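Worksheet for the structure shown next.
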Amino acid sequence: MKKVLIVTYYYPPSPPVGGVRPSKFARFLSEFGWEPIVLAVADPTATEALTPNANVEVYRVPEWPHPLKTYYRIMEQRAQKRGRVEEFMLQMSPRYVVAMSRPKRGIARVKRWLVSFMRLPDEELGWLIPAILKGIKLIREKKITHLVTTAPPFTSQLVGLAIKRFTGVRWVADFRDPWSLRDKYTASGNRITDALELRLIRSVMKFADIVLSVSSPMTEQLKKEHPDLDPDKFVTLTNGFDPSDFASLQHSRPMSGQTLFSYIGEFAYGRTPATFLRALKSLIDDGTLNRAEVRVKFVGTVAFAEGQSVTEMVRSLGLEEIVSMEPLVPRRQALQRALESQVLLVLTEQHSFALTFKLFDALAAGATILNIGSKGAVADVLAKTGRGIAVEHTNVAEIRNGILECIKRSRSGEGQRSPEPWNDPSIQAFNFQCLTRELAKILNGLDEKTSGLDRREGATDANAKPDGLGGAVA
């Protein structure tokens, strides 16, 4: 069986959702002729999450201390001792638009200039050297021929770049979010760091044999940003769901009574419930909706959104009796909350390219989906599957109509669907087993492409030698 090394910063039982995609690939690859070996960060804070695959070798290496992470940890501890955690969280949750601005003068500009270097390409840079060394060692000791790296964090792609250059393995660079100065999710840098980051991005795109994106708009944007590269190397492979994640969970969605709208995840990178809550408030104020007809639940890292307290946001609108909040829960509990909800919110206001895991969990849970965004990739999926409604996040009238249509659908019985909504034939293209089959085809295709290249080169130059960094294909 051929071997592939999967390099991922997050991996279960580490709770961040970034570990789900690589763990599902690792679970199913053996069904299609590939033996996955995983390289991930050592996470001492990991708690219960998805159970790692027992038949997959997982190697974990610790990251070196990063000054920004150390600073944030110290400041959080101080805030806890002083009983000012909420104030600290508010400071650490700046508005998305403000995060993109540049201070013009003074100490703030100098601090930003220094911090931008420490965030190149992200705060996980301390994992770079340990992961490179371990990855090269695994490639050589276990005779691994293929490599898959997944990001963010984008440090994982730099690990892949180094391994590719030193070993010559066939490399698939997987992007769950775009890596581009055009679509940065965090504070932008200065001219020097921007230039350096552009070179890093360019190198990854150039030396990766295949570049995967989770949505077609994201793939098309990459082709436009790198017009001199072979467009065939840019391929779409969406996120998805695994029916086994829902095993033994109770499917208990009532068809009558109150309609429960739930958001499960975090309010970050421009995601905010503000316009949804304003639209809901207006429906109640003009008598279109009765307060007793609807309930809203926010689950996860939801205390702050765009630098504002969500609790204060709810209180200012007089929606305390309708809206409740629940802290971050393990993934299985989050899926149970999804099964109990008639409507699941997917927020993609600033990110038309995004196809988040929340969307696919919602599809598998059988709920009606309300996407408040910018009519992008999520809207395309909903149009194809007929499983929800997409509205423009700046249009309160559209959001009002979307809320009413979701309530109508939930009361009509559409939200009940079946006892096992994850088996719906209309969404099986997003089953991780099917998606992993496509990944295996991509890996097999790299073998065929390399064999054809080797035969052509052998016919023209029998004495050709690889370069000193392993003969990586540009």
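Kirkwood radius, the stretch 255-347, all distinct C-alpha pairs, inverse of mean reciprocal distance: 13.6 Å. Among 384/408; 69/358; 2/224; 164/233; 111/206; 24/384, which pairs are too far apart, with a Cα-Cα distance over 22 Å? Violating the 22 Å Cα-Cα cut-off are 69/358; 2/224; 111/206; 24/384. Computed from label points 7 Å out along Cα-Cβ, the spacing between residue 395 and residue 301 is 3.2 nm. Segment residue 73..residue 1, full-extension length gain: 21.6 nm, with 0.36 nm per residue of separation and the alpha-carbon distance subtracted.
Could you tell me the calculated FRET efficiency between residue 383 and residue 81, based on Cβ-Cβ distance and R0 = 41 angstrom, to the nearest 0.05? Walk me through the numbers on the way to the answer.
Working: r = 51 Å, r/R0 = 1.24.
The calculated FRET efficiency here is 0.20.
Setting aside same-chain residues fewer than 8 positions from residue 81, which aspartates and glutamates have a Cα under 19 Å from its Cα? Residue 81 reaches no qualifying aspartates and glutamates.
In summary, the convex hull built on the alpha carbon positions of the stretch 335-410 has an orientation-averaged projected area of 4.4 nm².
Principal axis extents of the C-alpha atoms in the stretch 105-153 (largest first, rounded to whole Å): 54, 17, 10.
Centre-to-centre separation between the Cα atoms of the stretch 195-270 and those of the stretch 391-444: 15 Å.
Set the Förster radius R0 to 51 Å, insert the Cβ-Cβ distance between residue 315 and residue 142 as r into 1/(1 + (r/R0)^6), and round the FRET efficiency to 0.05.
Working: r = 57 Å, r/R0 = 1.11.
Efficiency computed from Cβ-Cβ geometry: 0.35.
Which of rounded, prolate or oblate describes the stretch 329-370 when judged by the alpha-carbon gyration tensor and an a/c cut-off of 1.5? In terms of gyration-tensor shape, prolate. Between residue 30 and residue 113, the contour length at 0.36 nm per residue exceeds the Cα-Cα span by 25.2 nm. Note on residue 137: aspartates and glutamates with a C-alpha under 16 Å away, same-chain residues under 8 apart excluded, are 57. Rounded to 0.05, the FRET efficiency of the residue 60 and residue 285 pair, given R0 = 35 Å and the Cβ-Cβ distance, is 0.05.
Taking only the C-alpha atoms of the stretch 161-297, the Rg (one decimal) and the largest Cα-Cα distance, Dmax (whole number), read 22.2, 67 Å.
None of the figures in this text is laboratory data; all of them are computed from the coordinates on show. These figures come from a predicted structure and were not determined experimentally. Methodologically, a virtual Cβ is constructed for each residue, glycine included, from the backbone with ideal geometry; neighbour enumeration extends over all protein chains shown.
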